[in-house]
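Notes to accompany the following structure.
The values are calculated or read from the model by the stated rules, or taken from the named source; none is laboratory data. This structure is a prediction, so every number in the text was calculated from the model and none was measured. Backbone-built Cβ (ideal geometry, glycine too); neighbour counts: all protein chains shown. The accessibility values were calculated without ligands, DNA or RNA, using every heavy atom of the protein model including side chains. Shrake-Rupley method; radii C 1.70, N 1.55, O 1.52, S 1.80 Å.
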Amino acid sequence: MMLTGAAHAADANQPWLDAAQSPDARAEQLVKAMTLDEKIQTVFAYFSTEFAPKKFEAPKEGRPDSAGYVPGIARLGLPPQWQTDAGVGVATQAVSKKPYERTSLPAGLATAATWNPKLAFAGGAMIGSEARSTGFNVQLAGGVNLMRDPRNGRNFEYGGEDPLLAGVIVGEQIRGMQSNHIISTVKHYAFNDQETNRNHVNVHIDDKAGRMSDLLAFQFAIERGQPGSVMCAYNRVNGDYACENDYLLNQVLKQDWKYPGYVMSDWGATHSTIPAANRGLDQQSGHPFDKSDYFNGALKEAVTNRHVPMARLDDMVKRITRAMFANGLVEHPVTTPTSADAGIDFAAHAKVTQADAEEAIVLLKNHDNLLPLSSGVRSIAIIGGHADVGVLSGGGSAQVYPIGGSAVPNEGPTHFPGPIVYHRSSPMGELAKLTKAKITYNDGKDVAAAAKLAAGSDVVIVFGTQWLAESFDAEDLNLPNKQDALIDAVAKANSKTVVVLQTGGPVVMPWLNKVGAVLEAWYPGTSGGAAIARVLTGEVNPSGHLPATFPASVAQLPRPTIDGDSKTKDENIIEKVQTDYNIEGAAIGYKWFDLKNHKPLFPFGYGLSYTSFALGDLSAKPAEGGKGIEVSFSVRNTGKRDGKAVGQVYVSSAAGGWEAPKRLGGWDKLDVKAGASGKATVQIDPRLLGVYDSASKTWKIAAGEYIVTLAESAGAKPAATVKVKLDARTLDVNGR
């Protein structure tokens, strides 16, 4: 394009503003034009909320009560970075007196339960658009930590226990967010799989096991979503803090994976200046959460004294600005919203989150087809869970403030990670729109009264809740506050009891054999009540499948007691909080259960429907060019209702030698009309057929037979099995 006059002169003086150039070229030119102070300014981020404990005054240029702010450089045309917590939507800090009222997606674990990458992208695009409308251009989202422990308080933010499922779903969410010309992170890198003593716990994990589990999940998510930033975690890994861990940041992420973006610290996860900078951290986040402003004056001094090379600082700044150029932050600047709602189409966005919630709900039990509710039902008792007014959400930094405020005010902790927040989407109110039955609510606090109401009703629906949040883990896998006893009493009074669970992860169900039906609804988001009601009545046929194994008890876990639960406050706490992930290594979730021959309460991938499906016509062959295995199969709807089926493909090595008997190789979700059939094709990534070799940094696929299995879950009887013969093959660290 020809430019004339002032525009041409401006371009000549600021070539980095030429969008026709590559992001790398633009970032390199920009860094050369920056002063030392401007470079330091770019790698140091402020918290954007008043922080009374440290008498911190948030920068006035930041968005009020938000997560972070990095000043821009007006003379160079570089915009500020406005950062928002955004795991499931645009979040406001809990101390805010005027929080942003925004749309909330269901929990990340719920989106993983849809097994639907298209829904994941749509949800990411929706919350990305709300972030942009609210004036944010960096989203602190994309949680992909694997579920090594079902008690982890942040499991609800993540994508489950399998590296492929988590990587694909979270990668699509990231891709959706960044389609709005904003940066998304992927987090928390890495092995941040518990909240107990998360700031100090030292995770022991071998390179091979890590590369085939948590790191593989991150690798898949980064390849799929291409996030502009990676957020490093609080914990230590093999001795070093994650945000100053040369192995994680320099060796794996930047050298092996050739990741071009930047590494930002989690808020309070930076512990030094020189080690952190030289070992791969590019931006210190959330001052004053850390003990010092390590990447401000101290970093400038370290660069001046050559303890941190100028070339390293230039690389830090280049990575940050490259991500800004690559994601259009310069060409598509965000603006300050002029109204509280920022012009957001909340009605349209409610439909996006409702679609996600509907496909996320997992039907776990349905004795005698108790669900969907019959039109002949005359009376329904709804018990517990504040189901008369709203649906539960998870707490902490991912908390999205509901439109209209919480349906249940002043419940739970008064300070972070509370309070407990309920979105104003009443399952009871929504159900009343879809049935002519008389509906009566009981809060469940008086067990005898609840049982009496149950005995006099045609059907009972009990809402079981488990509130989890950042900063703590669940004590066990039981529903808290004696809810198991409540459900047991209600089910004894009326066997036609439906349990709807809103939990942050797996729970045990000592009452399972006594109830008629169970739905796992997770934290279902802004429109969760409508989604639950539509599944209960059959307006929607449930199609969710578990993204994580539901254990029968904590005794089946690699660590029946969570490690690192030290109350020690002395200087020796660093040495006392340790956990060994080499116990299970890469055998996480269903792989551990297969390896140990444990029978779970419900297996990974499990999910029922109001119709029935037949999986078959399985065929498999080596993909062209040695790119894994190409699989095809059919799905036939053998029932009387339209429905969506998830055909799951597992792969095993006939020769053994893997971390577990089988791995998820791929899946497809098909919408099939009653009596009709559909055809699916799945490509198994070659890394899922090999074993990582640390010495050569390669994936080695052994010659021999591989067993490809088609099934409805990791614990189901195979619908079909075929064998494929592969030649020996060595792939590079990125599976090529």
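Quick notes
- Charge sum, other residues only, whose C-beta stays under 12 Å from L431's C-beta, Lys/Arg counted +1 and Asp/Glu -1: +1
- Length released on extending from R641 to Q683, taking residue separation times 0.36 nm less the Cα-Cα span: 12.2 nm
- Nearest 10 degrees, 0 to 90: helix 310-326 Cα axis against the chain principal axis: 50
- Within straight-line reach of K492, meaning a Cα separation under 15 Å, sit the following aspartates and glutamates at least 8 residues removed in sequence or on another chain: D458, D484.
- For the pair D18 and E539, label points projected 7 Å from Cα toward Cβ lie 5.6 nm apart.
- Cubic angstrom per residue, convex hull over Cα atoms of the chain: 161
- 0 to 90° range, to nearest 10: angle between helix 23-33 axis and the chain longest Cα axis: 40
- Spin-label pair D206/R378, simplified geometry with 7 Å Cα→Cβ offset, distance in nm: 6.7
- With Cα atoms, 0 to 90° folded angle of helix 346-360 axis to the chain main axis: 60
- Report summary: the helix-based calculation at 222 nm, which adds -39500 (n - 2.57) for every DSSP H run with n ≥ 4 and divides by the residues of the chain, gives -7000 deg cm²/dmol.
- Relative contact order (%) - the chain, alpha-carbon pairs under 8 angstrom, separation at least six: 13
- Listed by chain and number, the lysines placed with their C-alpha closer than 18 angstrom to that of K438 are K452, K496; residues fewer than eight positions away on the same chain are left out.
- Expressed as a fraction of 2.2 N^0.38 Å, the value expected for a compact globular protein of N residues, the C-alpha radius of gyration of region 86-161 is 1.15.
- Taking the convex hull of the alpha carbon positions in region 69-122 and averaging its projected area over all directions gives 5.8 nm².
- Both radii are taken from the alpha-carbon atoms of region 253-372; with Rh as the Kirkwood radius, Rg/Rh is 1.21.
- Solvent-accessible area, 1.4 Å probe, carbon plus sulfur percent, for the chain: 51
- Net lengthening on full extension, K723/A449 (0.36 nm per residue, minus Cα-Cα): 92.8 nm
- The chain, accessible area per residue, ligands and nucleic acids excluded (1.4 Å, Å²): 37
- Separation in nanometres of the label points that stand 7 Å from Cα toward Cβ, at K118 and L512: 3.3
- For K60, a cut-off of 27 angstrom between C-alpha atoms picks up these lysines, skipping any fewer than 8 places away in its own chain: K39, K97, K98, K291, K300, K318.
- A viscosity of 1.567 mPa s and a temperature of 4 °C, combined with the Kirkwood radius over Cα pairs in Stokes-Einstein, give a translational diffusion coefficient for region 391-458 of 91 µm²/s.
- Legend: distances between Cα atoms for K118/K662; K258/K679; K482/K576; K365/K591; K365/K445; pairs beyond 28 Å are K258/K679; K482/K576.
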